[in-house]
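The structure under discussion appears below in the form of structure tokens.
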Amino acid sequence: MNPSDTLSAPLLASGGRMLIGAEWREAVSGKRFPTINPATTEPLAEIAEGDAPDVDLAVQAARQAFEGPWGKMSAAERGKALWRLGDLILKHVDEIARLESLDAGKPIAETTRIDVPLTADVFHYYAGAATKLEGSTIPVSGPYFNYTLREPIGVVGLIVPWNFPLLIASRKVAPALAAGNTVVLKPAEESPLTALRLGELALEAGLPPGVINVVPGFGPTAGAALVAHPGVAGIAFTGETSTGQLIMQNGARTLKKVSLELGGKSANIVLDDADLEAASRAAMMAIFYNKGEVCTAGSRLLVAKGAREPLLEKVIERAAKLVQGDTLDPKTRLGPQISQAQVERIERYVAAGKKEGARLVLGGERAKVGDGRGYFWKPTIFDGVRNDMTIAREEIFGPVLSVIEVESFDDAIARANESMYGLAAAIWTSDVKKAHRAARALQAGTVWINTYNLYDAASPYGGTKASGFGRETGMAGLDFYTQTKSVWVDLG
Ligand code: ADP
């Protein structure tokens, strides 16, 4: 019996197999692993479990495509292929959104309106970028003509997490392909479905076989094999800071180029001259959007003394109204956490918050939704948090907000920067000078002024400090996937 026959209705035409070249294959080991619906804990599908031999086949297929059809194609033709893939994603928004909602516990209202359309945007953006990758002419000394070529780096390994499975994959796949590379994509073991669907659509869009290979599997096996493979020129990774460190270490043996998008503990600063209505709405979404499983989650709310009470009251009122429920119900705003491990992690942090003297003012426990088996957690807010408490220092990756009172503008900036992370930050104020001073002073890859969590395929995104390095999206997102060659011509 084909393992996919165990599903009540197969979710993928390709039957949960992996994509290597033009072929949908079982793992060399024959193993499969289940992916579950975190809202119910029921299995959704059995997926081929890749390991080193599968990664090796995928790298070979990617290499052939790199040296063959993809490498020989003009930039304009590559761009057209990416555009077609973007169009196909848009054509299938509802179906892809459903897969993502089921697999990653994301409310359908979000996957339909945010994850999938933004994924299509990324492909459309980089479709246009393929023909804009230019070298330069350099005024060197002597009778020489010197110019540069921006070339692809080769086969790139893409390792992605489970919080925005398809969107984060697209931010790596699209620029890699626009620049002429080929890829092996390893989705997170918790959420492999949409990466496989992307593989199906890539073939339908007419991308030559081997340009996108998808090898699902676990981090320490399939992921580690990709990092160790000598045929892989670079690894673009999004995930935990500790995993990023491991990838850098393991990649060193084969001198891998690495791009790391890691964790965060982003500060959302509200000064007392801010529009508190707007700030409270954003502060609530900054932490509870995607159940706090967002790298840029505004997990530290730094509030000026005068604004703390009214702001907190409004945030609590809004958070208490968030509807938790079936991820396929359009009314649901807060889905389940991805796994039991994440729930346990949140439990540990909430216990630490209480123990270290923070005041729990909302939530703080599991939420019972349906039969109670899903990984739901109540929106949780701690007041009276100090920056040195564990819940203010470490990334929780769940719906837990720490409210920290600050004395002044300078105090707010100092507290915001007093973190090992530097992914994003925001400031709410009606003083334009303070806003722009903050934009310069905040140690973060993104700063939002009087807004939060804005992204665009055209705008660069990435971190500083322990949040990693490298930029995704925008023209800066192409840098990692290209190398500069210097060409000299004797004119004498
Ligand atoms: P989490 O622990 O929250 O799942 P990770 O950073 O571990 O976050 O996972 C992000 C991605 O990294 C996943 O695709 C996972 O399989 C992969 N991964 C985990 N460990 C390793 C590793 N040692 N080498 C390569 N990839 C890994």
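The values are calculated or read from the model by the stated rules, or taken from the named source; none is laboratory data. Note that the structure is predicted; figures quoted are calculated from it, not measured. Counting neighbours? That spans all protein chains shown, and the Cβs are built from the backbone with ideal geometry, glycine included.
Here A283, A267 are screened, and the one residue that is within 17 Å of K465 (Cβ to Cβ) and away from the ligand (no atom under 13 Å from the Cβ) is A267. With the structure loaded, tell me whether L401 is surrounded by fewer than 20 Cβ atoms within 10 Å (Cβ to Cβ), aliphatic (A, V, I, L, M) and within 28 Å of S430 (Cβ to Cβ) or whether it fails that test. It is false that L401 is surrounded by fewer than 20 Cβ atoms within 10 Å (Cβ to Cβ), aliphatic (A, V, I, L, M) and within 28 Å of S430 (Cβ to Cβ).
The residue pairs whose first member lies in segment 460-486 and is without any contact (Cβ under 8 Å) to a residue 12 or more places away in the chain and under 18 Å from G135 (Cβ atoms), whose second member is assigned to a strand (DSSP E or B) and small (G, A, S), and whose beta carbons are closer than 9 Å, counting only pairs six or more residues apart or on different chains, are D479/S259.
Whether any residue in segment 137-149 is surrounded by 18 or more Cβ atoms within 10 Å (Cβ to Cβ) and either assigned to a helix (DSSP H, G or I) or assigned by TED's automatic domain parsing to the domain that holds E200 (or both) is what I want to check.
First, pick out the residues of segment 137-149 that are surrounded by 18 or more Cβ atoms within 10 Å (Cβ to Cβ): none.
No.
None of R345, R308, R393 is in the same structural domain as W448 (by TED's automatic domain parsing), surrounded by fewer than 21 Cβ atoms within 10 Å (Cβ to Cβ), touching a strand residue (DSSP E or B) at 6+ places or on another chain (Cβ under 6 Å) and touching a residue at least 12 places away in the same chain (Cβ under 8 Å) except R308. Would you check if there is a residue in segment 207-217 being within 10 Å of the ligand (Cβ to nearest atom) and not hydroxyl-bearing (S, T, Y)? So far as segment 207-217 goes, yes, one or more of its residues are within 10 Å of the ligand (Cβ to nearest atom) and not hydroxyl-bearing (S, T, Y).
Scan segment 355-363 and tell me whether some residue there is surrounded by fewer than 17 Cβ atoms within 10 Å (Cβ to Cβ), within 22 Å of the chain's Cα centre (by Cα) and not in a loop (DSSP other than H, G, I, E, B). Walk me through how you get there before you give the answer.
Kept after step one, since they are surrounded by fewer than 17 Cβ atoms within 10 Å (Cβ to Cβ), are these residues of segment 355-363: 355-357, 359-360.
Checking the rest, the ones that are also within 22 Å of the chain's Cα centre (by Cα) come to none.
Scanning segment 355-363 turns up no residue that is surrounded by fewer than 17 Cβ atoms within 10 Å (Cβ to Cβ), within 22 Å of the chain's Cα centre (by Cα) and not in a loop (DSSP other than H, G, I, E, B).
For the subset of segment 447-488 comprising residues that are under 22 Å from Q249 (Cα atoms) and small (G, A, S), which member is surrounded by the most Cβ atoms within 10 Å (Cβ to Cβ)? For segment 447-488, the residue satisfying everything is S467. Evaluating A188 against the criteria (1) within 16 Å of the ligand (Cβ to nearest atom); (2) part of a helix (DSSP H, G or I); (3) among the aliphatic types (A, V, I, L, M); (4) more than 19 Å from G68 (Cα to Cα) leaves one unmet condition, (2). Scanning segment 191-204 for residues that are in contact with an Asp or Glu (Cβ under 9 Å, 6 or more places away or on another chain) and either over 18 Å from P117 (Cα atoms) or away from the ligand (no atom under 16 Å from the Cβ) (or both) yields S191, P192, R197.
Yes or no: segment 420-433 includes at least one residue that is surrounded by fewer than 22 Cβ atoms within 10 Å (Cβ to Cβ), more than 30 Å from T148 (Cβ to Cβ) and in contact with a helix residue (DSSP H, G or I) (Cβ under 6 Å, 6 or more places away or on another chain). No; the residues of segment 420-433 include none that is surrounded by fewer than 22 Cβ atoms within 10 Å (Cβ to Cβ), more than 30 Å from T148 (Cβ to Cβ) and in contact with a helix residue (DSSP H, G or I) (Cβ under 6 Å, 6 or more places away or on another chain). Taking the listed residues A274, A228, A252, the one that is away from the ligand (no atom under 16 Å from the Cβ), among the hydrophobic types (A, V, I, L, M, F, W, C) and farther than 22 Å from R17 by Cα is A274, with no other qualifying. Among residues of segment 207-236 that are within 21 Å of F469 (Cβ to Cβ), those with a Cβ under 8 angstrom from a residue that is in a loop (DSSP other than H, G, I, E, B) and more than 14 Å from the ligand (Cβ to nearest atom), sequence gap 6+ or separate chain, pair up as V232/G154; A233/I153; A233/G154; A233/N181; G234/I153; G234/G154; A236/G470. Answer with yes or no whether S299 is surrounded by 22 or more Cβ atoms within 10 Å (Cβ to Cβ) and in contact (Cβ under 8 Å) with a residue 40 or more places away in the chain. Answer is yes for this residue.
Report yes if V59 is in contact (Cβ under 8 Å) with a residue 60 or more places away in the chain and touching a Lys or Arg at 6+ places or on another chain (Cβ under 9 Å), otherwise no.
Values: in contact (Cβ under 8 Å) with a residue 60 or more places away in the chain: yes; touching a Lys or Arg at 6+ places or on another chain (Cβ under 9 Å): no.
Taking the combined requirement at face value, the residue does not satisfy it.
Annotation note: of I153, I168, I159, the sole residue that is touching a residue at least 40 places away in the same chain (Cβ under 8 Å), touching a strand residue (DSSP E or B) at 6+ places or on another chain (Cβ under 6 Å) and more than 16 Å from the ligand (Cβ to nearest atom) is I153.
All but one of (1) surrounded by 15 or more Cβ atoms within 10 Å (Cβ to Cβ); (2) in contact with an Asp or Glu (Cβ under 6 Å, 6 or more places away or on another chain); (3) among the basic types (K, R) hold for R415, so report the exception by its number. Unmet for R415, out of (1) surrounded by 15 or more Cβ atoms within 10 Å (Cβ to Cβ); (2) in contact with an Asp or Glu (Cβ under 6 Å, 6 or more places away or on another chain); (3) among the basic types (K, R): (2). In this structure, L276 does satisfy being in contact with a helix residue (DSSP H, G or I) (Cβ under 8 Å, 6 or more places away or on another chain), among the hydrophobic types (A, V, I, L, M, F, W, C) and either at pLDDT below 95 or farther than 27 Å from G374 by Cβ (or both).
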